[in-house]
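Everything below concerns the one structure shown next.
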Amino acid sequence: MNHKQDTDEMVFFYEQDFYCLSNFSAFTLMWRGIRFDTSEAAYHWEKFPHLPVLQEEIRLARSAHDALQIARSHRKAQRPDWDDIKVRVMHKILLAKVDQHPYVRRKLLETGARILVEDSWRDDFWGWGPNKDGQNVLGRLWMEIRSECMMLDRLNQHVSSLLEKIEEPIV
């Protein structure tokens, strides 16, 4: 089923049916042994390992939007290598989200081979931005994770098939 701007080739997950792929969606996350209300909060928490009080403020923010605003207001204090590591951090957080939430994994796999687009009109790094020509890094990460999940599923099916053959009686 296609919603809003979804097509047979593309899924836009800022809102609608695939909102669970958004970092603002309300799926709790255990990250580094700590519970976060959203993956957005975990992401911003990672920016300030040297400021545990600020990390806790971000973690306890009332919403993903509040966590974002708190991090933005302290941008100058974020770790100096943040731009170098932020995509790797996001990838790991998304993997944790898929691992911890079967529903998110199922919805991700439901997208099939379609292009995933973080339909943010503001953000042309993580999304496709106001001119629809942004980098869509979040969508690309989700597509990479989808491929990894599909490959794992195929591998598990293959292993199951091999195990069934082992169980077959020898004639």
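The values are calculated or read from the model by the stated rules, or taken from the named source; none is laboratory data. For clarity, every value in this text was computed on a predicted model and none was experimentally measured. Virtual Cβ from ideal backbone geometry, glycine too; neighbours counted across all protein chains shown.
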Checklist entry - What are the residues in segment 93-122 that are over 12 Å from the mean Cα position of the chain (by Cα), under 25 Å from Arg35 (Cα atoms) and without any contact (Cβ under 8 Å) to a residue 40 or more places away in the chain, if any? => result Pro102, Arg106
Item to check | Selection status of Asp66, modelled with pLDDT of 95 or more and over 24 Å from His101 (Cβ atoms) | outcome: no
Checklist outcome for this item: Considering residues that are assigned to a helix (DSSP H, G or I), farther than 13 Å from Cys20 by Cα and not charged (D, E, K, R), the number found within segment 96-124 is 1
Checklist outcome for this item: Subset of segment 1-46, residues more than 15 Å from the chain's Cα centre (by Cα), at pLDDT below 95 and exposed (fewer than 15 other Cβ atoms within 10 Å of the Cβ), comes to Met1, Asn2, His3, Lys4, Gln5, Thr7, Asp8, Glu9
Checklist outcome for this item: The number of residues in segment 29-50 that are assigned to a loop (DSSP other than H, G, I, E, B), closer than 16 Å to Asp99 by Cα and touching a residue at least 40 places away in the same chain (Cβ under 8 Å) is 0
Item to check | segment 120-164, subset in contact with a Phe, Trp or Tyr (Cβ under 6 Å, 6 or more places away or on another chain) and on the phi < 0 side of the Ramachandran plot, residue surrounded by the fewest Cβ atoms within 10 Å (Cβ to Cβ) | outcome: Pro130
Next on the checklist: Just to be sure before I move on: is Val117 surrounded by 15 or more Cβ atoms within 10 Å (Cβ to Cβ) and out of contact with any strand residue (DSSP E or B) (no Cβ under 9 Å at 6 or more places or on another chain) in the structure I sent?
Outcome noted: no
